[in-house]
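Engineer: One structure, as structure tokens, below. Some questions next.
The values are calculated or read from the model by the stated rules, or taken from the named source; none is laboratory data. Owing to the predicted nature of the structure, the values given are computational and were not obtained by experimental measurement. Here the Cβ positions follow ideal geometry from the backbone for every residue, glycine too, while neighbour counts run over all protein chains shown.
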Amino acid sequence: MVQWVAAAIAACLMSSGTTPGDRAPQQSSPKSPFAIAGPSERLEIDGSKNPELIPGWYIWETFFRQLHTAGTIPSVLNLTTEEERLLQMELEQYGKSNQQCQRDIETLRPLVGVAPIKAINEKQRAIQLECRRRSLDLRDRLLAGVRPESSVAIIAWVENLKTGIEISVPKRELAHFREPE
């Protein structure tokens, strides 16, 4: 999770598009071409107040990450043994996908300071969108492979997770943050 947050932070930083000559010296050291959005440039999303603002990819990744980390499936979901196996398989796929996303993001590191920031940012955004789509594909396979009542229980569990989420997103990153759904 820390790695994903670090990648998300890097995405926010890379998106600024500033260069050392573009910003005032007090914002950051001259060696860093990235600027952190200040409080007035950020949107605070509180899932307990506005759950509809939490993108689908984000909440499903939260669900998969929590269950993958916990290593157990909540009994309240009342899944059959076969459905639990399916969910475990999807959790394993999530873990592999997440690792691949981290590796893909890491391949961009050598480009920093060499390639234009805009090019690095575009590549990072493409990787992020692909990773998000994979998480949504996991969701779709899971929901298609369980009984309708289990699907309803899983979706209710996931929707309930939104109430505990608070996210701070740079306003300039909001459209990308909401993609693909």
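Engineer: Taking the residues in region 53-97 that are outside any helix (DSSP H, G or I) and among the β-branched types (Val, Ile, Thr) as candidates, determine which candidate is modelled with the lowest pLDDT.
Structural biologist: Thr72
Engineer: Going by what's in this entry, would Ile127 be described as surrounded by 14 or more Cβ atoms within 10 Å (Cβ to Cβ) and touching a residue at least 40 places away in the same chain (Cβ under 8 Å)?
Structural biologist: No: the conditions fail for Ile127.
Engineer: Still on this structure, please answer the following. Checking the conditions here, which among Lys123, Lys171 is farther than 21 Å from Thr69 by Cα and touching a strand residue (DSSP E or B) at 6+ places or on another chain (Cβ under 6 Å)?
Structural biologist: Answer to the selection: Lys171.
Engineer: Still on this structure, I have one more. Report whether or not Ser48 is closer than 29 Å to Leu161 by Cα, modelled with pLDDT of 95 or more and either out of contact with any Cys (no Cβ under 6 Å at 6 or more places or on another chain) or surrounded by fewer than 16 Cβ atoms within 10 Å (Cβ to Cβ) (or both).
Structural biologist: yes
Engineer: Here's another thing I want to ask about it. For region 63-76, enumerate the residues that are out of contact with any Asp or Glu (no Cβ under 8 Å at 6 or more places or on another chain) and under 22 Å from Pro148 (Cα atoms).
Structural biologist: Passing the criteria: Phe63, Leu67, Thr72, Pro74, Ser75, Val76.
Engineer: Please count how many residues of region 98-124 are crowded, with 18+ Cβ neighbours inside 10 Å and part of a helix (DSSP H, G or I).
Structural biologist: Residues meeting the conditions: 7.
Engineer: Shifting gears a bit: Consider only pairs whose beta carbons are under 6 Å apart and that are at least six residues apart or on different chains; among these, list those whose first residue lies in region 78-93 and is without any contact (Cβ under 8 Å) to a residue 12 or more places away in the chain and whose second residue is not aromatic (Phe, Trp, Tyr).
Structural biologist: From residues that are without any contact (Cβ under 8 Å) to a residue 12 or more places away in the chain, the pairs are Glu84/Ile73.
Engineer: Could you check Ser168 against (1) out of contact with any Cys (no Cβ under 8 Å at 6 or more places or on another chain); (2) in a helix (DSSP H, G or I) and say which number it fails?
Structural biologist: (2)
Engineer: Here's another thing I want to ask about it. For residues that are touching a helix residue (DSSP H, G or I) at 6+ places or on another chain (Cβ under 9 Å) and either over 25 Å from Glu82 (Cα atoms) or part of a helix (DSSP H, G or I) (or both), tally how many sit in region 138-155.
Structural biologist: 11
Engineer: How about region 43-61: which of its residues are among the charged types (D, E, K, R) and either over 25 Å from Leu91 (Cα atoms) or without any contact (Cβ under 8 Å) to a residue 12 or more places away in the chain (or both)?
Structural biologist: Listed by number, the residues that qualify are Glu44, Asp46, Lys49, Glu52.
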